[in-house]
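Q: Please find one structure pasted underneath; my questions will follow.
Readers should treat all values here as calculations from the given coordinates under stated rules, not as data from a laboratory. Computed from a prediction, not measured in an experiment: that's the story for all the values here. All Cβ positions, glycine included, derive from the backbone under ideal geometry; neighbour counts span all protein chains shown.
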Amino acid sequence: MKKILIAFILLLTTQLNAQEIGLRFGEVTGNTIAIDGVFDFEGNRIHANLSFGDGVGIDALYDFIYKPLGEEAINWYVGAGASTYIEDEFNIGVSGEIGLEYVFKEVPIVLGLDYRPTFWIIDDTDFKWDGFGINVRYKF
């Protein structure tokens, strides 16, 4: 498992041109911790998570709004995208995202807080409101 995790992180940072890589703590597609990555995408960004726990969760959200909030160090973002959770059943849904982040100028660290409600479509239709998370990422 450790080798798979290291290989995944190397893939994210080298092949996919990750801008930021770190961890997301909180409710993450059925788990409580995830590898959190941010990728530049035509002036906007892709915010992706891979979580492990009782099952495997994958989120890929397109943040179509990503702007400074007053100061340059504080940004806000809004996005939406696909989520999946694989345990005994295979679940697919759509998640929304709104968040704030603080980019440190002295060190390459980004701290963020976001909210991600998810509407599960397959295998069981359900709406989850409890998607709060804290992000800690290294900025390249």
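Q: If I build a Gaussian network model for the chain, linking alpha-carbon pairs within less than 10 angstrom, which residue out of A82, A34, A73 has the largest mean-square fluctuation?
A: It is A73.
Q: Follow-up question, since we're still on this one. Restrict the search to the stretch 17-94; then list the GluC sites (Glu not before Pro) that DSSP places in a loop and that have at most 12 other Cβ atoms within 10 Å of their Cβ. Can you show the working numbers first?
A: Details: sites: E20, E27, E42, E71, E72, E87, E89; in loops: E42, E87, E89.
Sites meeting the loop and neighbour criteria: E42, E89.
Q: Right, something else. Just to be sure I understand: with springs between alpha-carbon atoms less than 10 Å apart, which residue in I109, I58, I122 has the highest mean-square fluctuation in the Gaussian network model of the chain?
A: I122
Q: Expressed as a whole percent, how much of the Cα-Cα distance distribution for the chain exceeds 24 Å? It would help to have the intermediate numbers written out before the result.
A: Working: 2605 of 9730 pairs.
In whole percent, the long-distance tail amounts to 27.
Q: Note the full-extension length gain between N44 and K128 as 0.36 nm times their separation in residues minus their Cα-Cα distance, in nm to one decimal.
A: Length difference between fully extended and current span is 27.6 nm.
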